[in-house]
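Every number here is computed from the coordinates shown, using simple stated rules; none is lab data. The structure presented is a predicted model; accordingly, all values stated were derived computationally and were not measured. Neighbour counts run over all protein chains shown; Cβ positions are idealised from the backbone, glycine included.
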Amino acid sequence: MTALITGASRGIGRAIALEFAKSGYNVAINYANSEVSAKDTAKECGEFGVLAFAYKADVSDFDACKEMVAKVEQDLGPVEVLVNNAGINIDNLLIRMSQEQFDKVYFANLKSVYNMSRQVVPGMMKRRRGRIINISSVAGLYGNVGQTNYAATKAGIVGFTKSLAKEVGARGITVNAIAPGFIETDMTDRLSDNIKEIARSKITLGRFGKAEDIAKAAMFLASDGASYITGHTLEVSGGISL
Ligand code: NAP
């Protein structure tokens with residue numbers, strides 16, 4: 001079985017790749033820039049005795065996704081699980097946000113989910129099986145100051161997930177999303193201590209999440225135990241919204 005995880009050179013994607021490898025999946029590790037980290041993730045995944053390779057492709061680019069999926073399927077066989085995890089944030093208040101800042105985040109976070117799903121869904125439909133797991137965010141559910149671009153893409157993922165779930169459910173394919181809260185990765189590391197403290201004060205469990213917390217949720221959604229769950233967005237946030 002093969003799982004393709006976008007943005008798996010670092011952070012949450014890397015933890016997801018390791019979790020799938022640990023469970024016996026061959027893994028395709030996509031990255032955009034961090035070649036060394038991506039190859040390192042592949043090496044660590046390979047230590048679980050599975051096939052694991054790194055694939056460079058900008059998921060904002062439809063043709064690059066097409067080429068990557070063709071290469072992955074040549075190397076590892078059909079993609080049975082696609083995890084659309086790659087994402088970026090370029091935060092700014094709307095009154096200062098440039099078109100470029102909005103568009104870049106839109107292409108990387110939302111258009112990418114179409115770009116990738118469009119490549120793998122036809123094969124999944126033919127085989128009558130498959131799992132798609134999209135990484136949204138609590139920002140897409142509740143909003144966040146300075147993140148109109150980011151939150152819009154993450155809310156878009158929720159709508160995309162529900163719609164695609166309806167389109168492909170009869171073919172045995174499930175499509176779900178995960179909405180992480182504040183997870184310790186490079187993305188959150190660059191926030192100021194003040195912002196981190198405000199975020200921590202809102203978390204019911206009183207601590208930031210780890211990339212592994214999201215990886216375990218992704219593994220569950222890919223497992224047989226989740227075969228009757230589709231179109232769902234699973235919040236994994238330590239209770240940030242309570
Ligand atoms: P991260 O540590 O910044 O890692 C981002 C990953 O995405 C990297 O592997 C990066 O590849 C890849 N990537 C970015 N743009 C790409 C592109 N155009 N094409 C291919 N790969 C690309 O981020 P993270 O915190 O792990 O976040 C992972 C996902 O979780 C994102 O969708 C993020 O929005 C979401 N999320 C994170 C949090 C959080 O608190 N951390 C909360 C909610 C949701 P390179 O290394 O090659 O650049």
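Hey, with R₀ at 30 Å, roughly what FRET efficiency would Asp91 and Glu35 work out to, going by the Cβ-Cβ distance, to 0.05? If you can, show how the numbers build up before the last one.
Working: r = 26 Å, r/R0 = 0.88.
Calculated value: 0.70.
Taking the Cα centroid of segment 220-236 and of segment 1-61, what is the distance between the two, rounded to the nearest whole Å?
That distance is 21 Å.
Please list the three semi-axes, largest first and in whole Å, of the ellipsoid equivalent to segment 87-149, using sqrt of 5 times the eigenvalues of its alpha carbon gyration tensor. Display every interim value, and only then the final one.
Numbers: eigenvalues 184, 34, 7 Å².
Semi-axis lengths for segment 87-149 are 30, 13, 6 Å.
Given the options Gly87, Gly159, Gly225, which has the most mean-square fluctuation in a GNM of the chain, springs set between C-alpha atoms less than 10 angstrom apart?
Maximum among the listed residues: Gly225.
Could you work out the relative contact order of segment 2-236? I mean the mean sequence separation of Cα pairs under 8 Å and 6+ apart, divided by the number of residues, in percent. Provide the component values of the computation, followed by the final result.
Working: 466 pairs, mean separation 46.8, N = 235.
Relative contact order, segment 2-236: 20 percent.
In nm, give the distance between the simple-model label positions of Ile229 and Ala70, each being 7 Å from the Cα along the Cα-to-Cβ direction.
Result: 3.6 nm between the two label points.
How compact and how long is the chain, expressed as Rg and Dmax of its alpha-carbon atoms in Å?
For the chain, the Cα radius of gyration and maximum Cα-Cα distance read 16.9, 51 Å.
Given segment 14-61 reduced to its alpha-carbon atoms as identical point scatterers, what log10 I(q)/I(0) does the Debye formula return at q = 0.15 Å⁻¹?
Here the Debye-derived log intensity ratios amount to -0.33.
Counting helices only, and only those DSSP H runs with n ≥ 4, report the 222 nm mean residue ellipticity of the chain as the sum of -39,500 (n - 2.57) divided by its residues, in deg cm²/dmol to the nearest 500.
Numbers: 10 runs with 114 residues, N = 242.
For the chain, the value works out to -14500 deg cm²/dmol.
Hey, can you grab everything whose amide H is under 5 Å from the amide H of Ala177? Only 5+ residues off in sequence or another chain; H modelled, so Pro and N-termini drop out.
So Ala177 has HN proximity to Asn134, His232, Thr233, Leu234.
What does the highest-first list of 39-51, 177-189 look like by mean Cβ count within 10 Å? Kindly include the intermediate steps, with their values, before the conclusion.
Numbers: 39-51: 17.0, 177-189: 20.2.
The peptides rank, most packed first, as 177-189, 39-51.
Treating cross-link reach as a plain straight distance, find the lysines whose alpha-carbon is under 26 Å from the alpha-carbon of Lys104, omitting any fewer than eight places away in the same chain.
Candidates past the 8-residue exclusion: Lys39, Lys56, Lys66, Lys71, Lys154, Lys162, Lys196.
Please give the contour-minus-distance gain from Ser192 to Lys104: 0.36 nm per residue of separation, less the Cα-Cα distance, rounded to one decimal in nm. Intermediate results must be reported in sequence, preceding the final value.
Values: separation 88, 0.36 × 88 = 31.68 nm, distance 2.31 nm.
Length difference between fully extended and current span is 29.4 nm.
At q = 0.17, 0.28, 0.30 Å⁻¹, what log₁₀ I(q)/I(0) does a Debye calculation on the Cα points of segment 189-242 give, no solvent, two decimals?
-0.66, -1.11, -1.17
Return P(r) of segment 123-242 (all Cα-Cα pairs; 5 Å bins starting at 0; whole %; ordered from short to long distances).
Distribution as computed: 2, 11, 19, 22, 18, 12, 8, 5, 2, 1, 0 percent.
Using the number of other C-beta atoms within 10 angstrom as an exposure proxy, rank Arg14, Arg128, Arg96 with the fewest first.
Arg96, Arg128, Arg14
Of the options Ser136, Ala57, Met68, report the single residue whose Cα projects farthest towards the positive end of the charge dipole of segment 2-236 (beta-carbon charges: Lys, Arg +1; Asp, Glu -1).
Going by the Cα projections, it comes out as Ser136.
Could you put Ile135, Ile90, Ile198 in order, starting from the residue whose Cβ has the fewest other Cβ atoms within 10 Å? Don't skip to the end; give the middle numbers.
Numbers: Ile135 26, Ile90 17, Ile198 11.
Ranked by crowding around the Cβ, least crowded first: Ile198, Ile90, Ile135.
Taking the radius of gyration and the Kirkwood hydrodynamic radius from Cα positions alone, what is the Rg/Rh ratio for segment 1-84, to two decimal places? Working shown, then result.
On the way: Rg = 11.1 Å, Rh = 12.0 Å.
Reported Rg/Rh (Cα atoms, Kirkwood Rh): 0.92.
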